[in-house]
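These notes are about the structure you will find just below.
We did not get these values from a lab; they are worked out from the coordinates using the rules stated. Because the structure is predicted, anything quoted here is derived from the model rather than measured.
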Amino acid sequence: MKEWLNNARTFLQEAWAEFRRVQWPSQKEVQAATLVVIFLVGIISVFLFLVDSTLSWLLQGFLGS
């Protein structure tokens, strides 16, 4: 039990040391990255909509519905 507690304590100390070394992004960087993600999601959504619509139209043409 004592060895487990020592291992847990060592792990937490090392994790905290790593956590303090993290370089956190600024608010401006977070906002820019968020806008890029939203923009790319929009572009991919439009692309997938067009592919889905095209494939649906082709399938309906082949099946004669």
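Divide, for the chain, the radius of gyration over alpha carbons by 2.2 N^0.38 Å, where N is the residue count.
Working: Rg = 25.6 Å, N = 65, 2.2 N^0.38 = 10.7 Å.
That ratio works out to 2.38.
Round to the nearest 10 and give me the degree value, 0 to 90, for the angle of helix 2-21's Cα axis relative to the longest principal axis of the chain.
Helix 2-21 sits roughly 60 degrees off the main axis of the chain.
Once fully extended, how much extra length lies between Asn6 and Leu55, figured as 0.36 nm per residue of separation less the alpha-carbon to alpha-carbon distance? Each step should come with its number before you reach the end.
Values: separation 49, 0.36 × 49 = 17.64 nm, distance 6.04 nm.
That pair, Asn6 and Leu55, stretches by 11.6 nm at full extension.
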